[in-house]
Amino acid sequence: PVLVVAETAPYPPVPLPAGVNLLLLRPAADRPPPLARPELHVRTRHVALVPDGTRPVPGLLERMRDALEEGAGDTRLVAAPVGSVPLRCLELRLEARAWTARYGPGAPGLCRAVEGTAVLLLRTRDLFALPFPLTRPVPTALFVQAAFRGWGLRVMPAAFPAARRPPVSPHGRWKTENLAETRRRRLMRDLGIKREVLADGRERWYGCSKETARCFGTVHARTPQYLLAGRWTPPCCLRALRETARHVTGALEAAGVRYWLEGGSLLGAVRLGDIIPWDYDVDLGIYREDVGKCRWLAAVAAAGEPVEDAEGFLWEKAAEGDFYRVHYSRSNRLHVDLWPFYPRGGVMTKDTWLGHPQDVEFPESFLRPRVPMPFAGFTAMAPNNARAFLELKFGPGAVENPEYPNPAVKRLGQD
């Protein structure tokens with residue numbers, strides 16, 4: 001049986017041969033619910049997902065079916081190329097906690113995905129056990145969902161021929177490519193993937209940008225929603241935080257403002273030379289007396305209103321107290337916090353305390369001198385005895401045994 005699946009009825013209308021049925025996926029108020037459930041329309045034990053323009057080969061689908069039934073225990077997908085270009089076998093590794101899918105060269109018999117146009121065959125019960133069985137692009141959707149489940153993929157050497165296609169106009173090609181990109185972004189959003197690392201090392205990003213809102217909402221009890229879901233900071237957010245931190249420290253250094261890595265940001269620098277994978281902002285301490293040296297901080301302090309600099313970063317006085325915040329953009333509120341400290345009797349103190357366990361005074365000797373330290377792809381200034389500074393802030397063993405911002409809500413070992 002042949003079933004043509006589309007979100008809506010094709011336009012202009014496509015005449016279908018006798019016995020070929022059309023299944024529309026998009027729900028409509030005037031259609032009974034069963035028509036929106038594709039699993040009710042497939043009654044065979046196996047189902048082959050066939051790209052448009054594929055010509056049949058007698059017996060090849062049956063050989064694919066036999067290969068599936070005779071395959072190893074984890075083989076749940078069989079692929080056969082369409083056209084003269086052979087399929088490229090790929091490894092696919094999913095890092096759910098890091099919102100990332102990584103592709104690499106696959107060994108024969110160990111494919112998790114393929115590159116190229118293919119007919120895909122699997123058991124009907126497996127297809128409709130997936131949360132997104134017919135989401136497009138179908139191959140990518142199937143490969144990612146199969147990889148989450150540890151399914152194996154077998155590639156057939158025999159190929160289906162492709163029908164000749166008339167040339168596509170430049171406008172038609174643009175429409176096709178734009179639609180494909182829209183579908184891919186929607187799929188990655190649904191699958192919880194913010195970054196793809198391709199086999200050739202290139203990257204595709206699907207998360208937030210300077211023009212969009214950040215990937216998570218207001219943080220309650222110092223525990224972002226993604227931590228409760230068993231994930232870490234989305235990679236697009238970490239990328240934006242790195243960019244913002246580099247920009248802010250560069251502006252401070254150019255103005256002669258003395259600053260240093262604070263709290264979890266210093267802990268990330270000591271452990272990884274980077275932002276901690278689950279952190280959602282960057283913290284810097286500054287000398288309060290240096291605020292007027294930076295034109296952006298001085299403007300914010302004088303006017304009390306946010307100021308956008310020439311590169312689109314937004315500087316503002318924080319509503320929570322006497323400190324400053326620099327956002328990635330007006331739309332994307334990923335930020336660097338600047339905490340103004342001042343010396344009093346050899347101890348660095350400040351006027352705003354938010355009750356965080358690490359929010360404590362410390363001897364000014366940690367800043368005399370400050371020392372450079374690799375952080376987030378550049379060199380930042382840090383206290384001269386980072387380990388002692390961190391143990392003062394977080395307690396003994398802070399470097400070796402890091403913890404989430406609020407262990408009372410979620411502990412690192414609970415993932």
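The values are calculated or read from the model by the stated rules, or taken from the named source; none is laboratory data. Owing to the predicted nature of the structure, the values given are computational and were not obtained by experimental measurement. In this analysis, Cβ positions are derived from the backbone assuming ideal geometry, glycine residues included, and neighbour counts consider all displayed protein chains. These area figures cover heavy atoms from the full protein model, side chains too; ligands, DNA and RNA do not enter into them. Shrake-Rupley method; radii C 1.70, N 1.55, O 1.52, S 1.80 Å.
Step by step: first the residues of segment 392-414, then only those that are open to solvent by less than 60 Å² (accessible area, probe 1.4 Å) and of a type in the set (Lys, Arg), then the one that is farthest from residue 347 (Cα to Cα). Which residue is that? The selected residue is 410. Among the residues of segment 193-212, the ones that are within 10 Å of the chain's Cα centre (by Cα) and buried (at least 17 other Cβ atoms within 10 Å of the Cβ) come to 7 in all. Scanning segment 382-391 for residues that are farther than 24 Å from residue 242 by Cβ and in a helix (DSSP H, G or I), we see that the one that is most open to solvent (accessible area, probe 1.4 Å) is 391. Whether any residue in segment 367-381 is surrounded by 15 or more Cβ atoms within 10 Å (Cβ to Cβ), touching a strand residue (DSSP E or B) at 6+ places or on another chain (Cβ under 9 Å) and of a type in the set (D, E, K, R) is what I want to check. Yes; the residues of segment 367-381 include at least one that is surrounded by 15 or more Cβ atoms within 10 Å (Cβ to Cβ), touching a strand residue (DSSP E or B) at 6+ places or on another chain (Cβ under 9 Å) and of a type in the set (D, E, K, R). Apart from one condition, residue 86 fits all of (1) assigned to a helix (DSSP H, G or I); (2) farther than 15 Å from residue 49 by Cβ; (3) not small (Gly, Ala, Ser); the exception is (1).
Within segment 340-365, the set of residues being touching a Lys or Arg at 6+ places or on another chain (Cβ under 9 Å) and within 20 Å of residue 395 (Cβ to Cβ) comprises 356, 357, 358, 359, 360, 361, 362. Of all residues in segment 336-352, exactly one satisfies the criterion of being among the basic types (Lys, Arg) and closer than 24 Å to residue 245 by Cβ, namely 350. Residues being touching an Asp or Glu at 6+ places or on another chain (Cβ under 9 Å) and either surrounded by 21 or more Cβ atoms within 10 Å (Cβ to Cβ) or touching a residue at least 24 places away in the same chain (Cβ under 8 Å) (or both): count how many of those fall in segment 79-111. The total comes to 13. Listed by position, the strands (runs of 3 or more DSSP E) contained in segment 273-357 that have at least 3 residues being open to solvent by less than 10 Å² (accessible area, probe 1.4 Å) and at pLDDT 95 or above are 282-287, 335-344.
Residue 139 passes every criterion in (1) open to solvent by less than 40 Å² (accessible area, probe 1.4 Å); (2) within 30 Å of residue 165 (Cα to Cα); (3) in contact with a Ser or Thr (Cβ under 9 Å, 6 or more places away or on another chain) apart from (1). Taken as a whole, the condition of being closer than 30 Å to residue 322 by Cβ and exposed (fewer than 15 other Cβ atoms within 10 Å of the Cβ) does not apply to residue 262. Could you please let me know if residue 240 is within 20 Å of the chain's Cα centre (by Cα), within 27 Å of residue 104 (Cβ to Cβ), outside any loop (DSSP other than H, G, I, E, B) and among the small types (Gly, Ala, Ser)? Against the criterion (within 20 Å of the chain's Cα centre (by Cα), within 27 Å of residue 104 (Cβ to Cβ), outside any loop (DSSP other than H, G, I, E, B) and among the small types (Gly, Ala, Ser)), residue 240 qualifies. If the condition is being open to solvent by less than 60 Å² (accessible area, probe 1.4 Å) and either in contact (Cβ under 8 Å) with a residue 60 or more places away in the chain or charged (D, E, K, R) (or both), then segment 163-189 contributes 163, 183, 184.
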